[in-house]
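Rule-based calculations on the coordinates, nothing more; no lab input. Everything numeric in this text was worked out from a predicted model, so none of it was measured. When we count neighbours, we look across all protein chains shown, and the Cβ atoms used for this are built from the backbone with ideal geometry, even at glycine.
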Amino acid sequence: MEFYQEKEQNRLHVIIHWIVDIVVAITLACYVVYAFGGRMEVNGSSMKPLLNSGNVVLINRLSYDLGTPKRFDVAVFSRGDSGLNMKRIIGLPGETVQIKDNHVYINGEVLEAEGGLSLATIAGAAEYPIELGQDEYFLLGDNRESSEDSRFAGIGNVKRDQLVGKAWLKITPLSEFGLIALPGGDS
């Protein structure tokens, strides 16, 4: 009789271990999906040639939960009730941004960037210097001729709490699968 009770206790122990392992695995999987697997479909041509309409990218939320957004990140941000949008961070908190003579200026200096990221023929509100607050970012689409971004009242300066995460991986189409990097290869 004692042998059977010990065997039942061992079975119960094994079942409890399995349940704990399954709960831990599910919790870990949910966290990884939240942190690195938020998914967004690109809508429009504002991020061409890097991203085209219909491309699907993964969002790294953890990068902005634990770190600071950086210049040239492709940031996903909330536009209030109109959902998520995606643009490249150009101006950082406390900086002054201006677009003149088709160039982007940061604190009076021409922005140094490859792949045309320092150019913009349409200045919009940035025709005059824009001073960013301590929690504000200036974002531009890579396709500067066809992008509603921080130059225009519809978006304006983006506050830190609007930033959802960094677009980091293009998953569709499969022929273009890969990390999202700066023109010239830097990420």
**Request:** Please report, in cubic angstrom per residue, the volume enclosed by the convex hull of the alpha-carbon atoms of the stretch 22-180.
**Result:** 118
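Only Cα pairs under 8 Å and at least 6 apart count here; give the relative contact order of the chain as a rounded whole percent. Spell out each step's value before the answer.
Numbers: 344 pairs, mean separation 41.8, N = 187.
Relative contact order for the chain comes out at 22 percent.
I want the local charge near Asn107. Using Cβ-Cβ distances under 11 Å, sum +1 for each Lys or Arg and -1 for each Asp or Glu among the other residues. Let's see the in-between values first.
Values: positive: none; negative: Glu95, Glu109, Glu131.
Local net charge: -3.
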**Prompt:** Can you give the net charge of the other residues whose Cβ lies under 13 Å from the Cβ of Leu58, counting K and R as +1 and D and E as -1?
**Reply:** +3
**Hits among lysines - C-alpha to C-alpha of Lys48 under 16 Å, sequence gap 8 or more where chains match** = Lys87, Lys170
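Would you mind ranking Glu109, Glu95 by Cβ crowding within 10 Å, fewest neighbours first?
Result, fewest neighbours first: Glu109, Glu95.
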